[in-house]
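So the structure is just underneath, and the comments pick up after that.
The values are calculated or read from the model by the stated rules, or taken from the named source; none is laboratory data. Bear in mind that the values here come from a model prediction, so they are computed numbers and not experimental data. Every residue, glycine among them, receives a Cβ derived from its backbone with ideal geometry; neighbour counts consider all protein chains shown. Side chains are part of the model used for accessible areas, which takes the heavy atoms of the whole protein and leaves out ligands, DNA and RNA. Shrake-Rupley method; radii C 1.70, N 1.55, O 1.52, S 1.80 Å.
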Amino acid sequence: MVTDFPAHLRDAPTLIVQSYYLADAGYALRVRVQANGLEAHVDGASSPLDVLDEHASAMSMGSVTVKGPSVGGTRYESERQVDPGVAVEMIRRGGMAMAKTRYSVWAGGDGWSVDVFGGASSPLIVAECERSGPVTDLEIPAFCVTELTDDRRFSNESLANRPYGEWSTAYLAELAEAGPEMRADFGTNARLLPD
């Protein structure tokens, strides 16, 4: 979880609008479109379908993804590319839609995806380390507050069902009481200093 994402790291934006047609017990079926290089400035007032309508012609990639439950921090995922126009129309016609801007950040020895959510999940910001294999011996950026890996409430499909804005106050109180936590069972983690 990120509570203060530095403005100077907000480059290489990608607008993502996606819809979950199934999201249950860790299984998910998602349709996504994205526009690389597009800064749409999504916030709490952003309706995912309005964002989609405004930027539909800029969408350069469409995909359908099937996911299985997470086990030990990894998860089965199979993705197929589809025509962006078809994906736009599928999102318009059903499922539970959400919009976010994703930034790619290099921190320490890893690439990170940082998602800034709009609409009902605003002001949520989530950072995820991107590796092709298991994440071990992680260098955690200073902007990361606490780990969310095992907290199903923060998965995109859970957020599609129950947006962060509905329970953020209770979660922040929970975080204040329990304190931040990072998993230590994937090797030796290190905290990076602020940029």
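With a 1.4 Å probe and all protein chains kept in place, how do 104, 63 rank by accessible area, largest first? Before the final figure, lay out the partial values.
Values: 104 75, 63 0 Å².
In descending accessible area the options line up as 104, 63.
Please work out whether segment 1-49 counts as rounded, prolate or oblate from its C-alpha gyration tensor, where a ≥ b ≥ c are the square roots of the eigenvalues and a/c under 1.5 means rounded, while otherwise a/b larger than b/c means prolate and anything else oblate?
Prolate shape, in that a/c is at least 1.5 and a/b is the bigger ratio.
Helix by helix, which DSSP H runs in the chain go 24 Å or more along their axis at the Cα atoms and have an average Kyte-Doolittle hydropathy of -0.5 or more?
none
With every protein chain present, what is the per residue accessible area of the chain (1.4 Å probe, Å²)?
Values: 10000 Å² over 195 residues.
Value returned for the chain: 51 Å² of accessible area per residue.
Does segment 6-83 come out rounded, prolate or oblate by the C-alpha gyration tensor, with a ≥ b ≥ c the root eigenvalues, rounded set by a/c under 1.5 and, if not, prolate when a/b is larger than b/c and oblate if not?
prolate
In the neighborhood of residue 148, defined by Cβ-to-Cβ distances under 11 Å, what is the net charge if each Lys or Arg adds +1 and each Asp or Glu adds -1?
Its environment carries a net charge of -2.
Measure off, as a whole percent, the carbon and sulfur share of the 1.4 Å-probe accessible area of the chain, all protein chains present. Write out the running numbers ahead of the final one.
Details: 5250 of 10000 Å².
Carbon and sulfur together cover 52 percent of it.
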